Amino acid sequence: MSIPHPSGPTVKSYITLGLVIESYIAIQARPTTTTSSSSHAPWAQPPCQLPPMGPAVHIEASQTSEIEYVLYWDYNDKDQHCFKIFFSGDWAWNQADIISEDPANHGSTFAPLIVGSDKTTVSVATGHTEYHPLYLSIGNIFNSVRCAHHNGVVLVGFLAIPKSTKEHLQDGNFHNFRRQLFHYSLAKIFKSVKPNMTTPDIVRCPDGHYRHVIYGIGPYIADYPEQALLSGIVAGWCPKCLNNFKDLNGEGPSLLQCREHTDLLIEELDQTKLWFEYSIIDHVVPFTSDFPQGDIHELLSPDLLHQIIKGTFKDHLVTWVKQYLEHTHGTSCAAEILDDIDRRITAIAPFAGLRRFPEGRRFNQWTGNDSKALMKVYLPAIRGHVPQDVVCTFSAFLDFCYIAQREVLTEDDLTQLQDALDRFHQYHEVFKTMEVIPTFSLPRQHSLTHYLLMIRHFGAPNGLCSSITESKHIKAVKEP
């Protein structure tokens with residue numbers, strides 16, 4: 001339902017599986033600081049304050065069998081921990097330990113809020129209009145419900161997209177304003193549930209029972225540009241660890257970022273040193289700082305779509321093969337080899353689960369489904385045209401990819417996942433040896449090194465993929 005506010009924009013309220021959340025459409029906020037050079041900028045005029053929060057609407061969910069109210073660990077016949085739904089991971093257990101330190105919270109149900117946002121452009125009939133939808137789910141429901149086209153993920157609202165003239169697009173104050181507005185909007189949206197992150201709320205659950213519920217900010221689903229915005233880091237660095245952007249993979253285990261460390265650096269160092277040595281943008285205060293146990297570096301979730309399928313496979317490996325052929329054989333001969341690779345792809349025999357590519361890999365626009373389908377047939381198509389180490393690179397990557405996409409992962413699976421990653425790092429050095437690329441410091445590819453930890457924290461990655469939020473775009477903004 002929509003409730004017009006007399007002095008502000010329209011307020012919309014949504015609820016999912018018993019969770020009350022309120023949001024604002026097209027939020028505008030006053031920039032925290034301006035200088036004389038930017039005070040006349042169109043993006044800073046005219047400022048307005050956010051109106052008070054609107055009333056809540058309660059809606060009951062239809063699914064009752066695919067939701068958990070109690071944390072649990074699942075073990076197989078070999079007594080190995082099985083990671084599957086969100087509640088099977090360690091992060092929810094750690095939060096429950098913190099919540100239970102207050103005796104008043106004993107017996108409460110923990111409801112972690114899984115948040116996702118993804119800026120998109122709608123070109124058909126709208127003139128390339130940009131939207132920035134914000135989505136919400138809860139960690140109690142099964143991954144299958146969140147991935148399906150049901151109400152396990154709901155649209156909360158649309159975040160503001162500040163615009164300016166070309167004169168001010170590169171203005172540092174404008175960039176800071178955009179970052180601050182983004183975080184301030186998120187903090188304002190979730191302010192209504194903040195009291196119940198420490199004090200239980202009484203909620204009627206889908207099974208008809210009333211429970212005491214404690215909310216908490218959970219994993220945030222986002223692609224890399226938005227992860228950098230959320231964590232307040234400089235583009236090109238990792239939002240989860242302290243490795244230098246010049247050598248993201250480094251040697252040995254990575255030191256993880258945490259909010260306490262970032263706050264200490266901001267207090268002790270100047271702005272220049274923060275930016276160039278630690279990738280910290282000191283003007284940004286992550287919205288999670290306003291909430292209990294909120295550390296955005298820890299909460300950034302794995303993203304199978306943009307980190308593995310589109311990132312490492314399509315944007316990196318497939319591109320590197322083309323660059324290798326051109327570097328080794330010249331442009332003309334490389335084109336002939338690529339045509340032969342396309343012929344091999346088109347010759348794939350029809351089989352269940354395999355997609356036909358009548359024109360090979362010549363897509364006008366790649367989608368995630370295109371990349372997923374091509375992954376299944378690309379390896380045999382390039383064999384014989386590239387060195388054996390390149391074939392082994394693809395083989396190790398595909399092992400990693402398909403293990404990470406499983407619905408249930410055991411300790412043995414995690415061992416295999418690490419082995420596949422080690423082999424991938426060993427064999428992909430061939431691209432640097434052949435001078436195809438100068439460096440492997442690529443944030444999306446580097447994120448693979450954090451998958452073991454994120455799986456232990458959040459369960460199987462397929463329940464926290466940005467493909468979930470992208471599929472919601474169809475109903476949210478693309479259908480008239």
Next on the checklist: Show me, for segment 325-340, the HN-Hα J-couplings you get by feeding each phi into the Karplus relation (A = 6.51, B = -1.76, C = 1.60, θ = phi - 60°), rounded to Hz, glycine and proline as x.
Outcome noted: 4, 5, 5, 8, 10, x, 4, 5, 5, 5, 5, 5, 5, 5, 5, 5
Checklist entry - How do 146, 383 stack up against each other in accessible area, from largest to smallest, with a 1.4 angstrom probe? => result 383, 146
Checklist entry - When the accessible area of segment 130-282 is computed with all protein chains present and a 1.4 Å probe, what percentage of it is carbon and sulfur? => result 54 percent
Next on the checklist: Keeping all protein chains in the complex and leaving out DNA, RNA and ligands, what accessible area do you get for residue 456 with a 1.4 Å probe, in Å² to the nearest 10?
Outcome noted: 80 Å²
Next on the checklist: Show me the three semi-axes of the equivalent ellipsoid for segment 342-431, from the C-alpha gyration tensor (sqrt of 5 times each eigenvalue), largest first, rounded to whole Å.
Outcome noted: 25, 18, 11
Checklist entry - How big is the accessible area of residue 399 in square angstrom, nearest 10, if you roll a 1.4 angstrom probe over the protein chains? => result 60 Å²
Item to check | Cα coordinate range in segment 275-314, projected on the principal axes (Å, largest first) | outcome: 36, 29, 12
Checklist entry - Across the Cα atoms of segment 220-262, what radius of gyration and what greatest pairwise Cα-Cα distance (Dmax) are found, in Å? => result 10.6, 28
Checklist outcome for this item: Under Stokes-Einstein, segment 387-439 at 25 °C and 0.890 mPa s, with its Kirkwood radius over C-alpha pairs, diffuses with a coefficient in µm²/s of 211 µm²/s
Checklist outcome for this item: Taking every other residue with Cβ under 15 Å from the Cβ of residue 85 and scoring Lys and Arg +1, Asp and Glu -1, one gets -1
Checklist entry - Given H placed 1.01 Å from N in the peptide plane, which residues other than close sequence neighbours of residue 157 have an amide H under 5 Å from its amide H? => result 134
Checklist entry - Packing-wise, with mean Cβ within 10 Å as the measure, how do 198-207, 344-353, 388-397 rank, highest first? => result 388-397, 198-207, 344-353
Item to check | Binned Cα-Cα distances of segment 417-479, short to long, each 10 Å bin given as a whole percent | outcome: 17, 34, 25, 19, 5
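The values are calculated or read from the model by the stated rules, or taken from the named source; none is laboratory data. Keep in mind that this is a model prediction, so the values were computed, not measured. Glycine also receives a Cβ, built like all others from the backbone with ideal geometry; neighbour counts cover every protein chain displayed. These area figures cover heavy atoms from the full protein model, side chains too; ligands, DNA and RNA do not enter into them. Shrake-Rupley method; radii C 1.70, N 1.55, O 1.52, S 1.80 Å.
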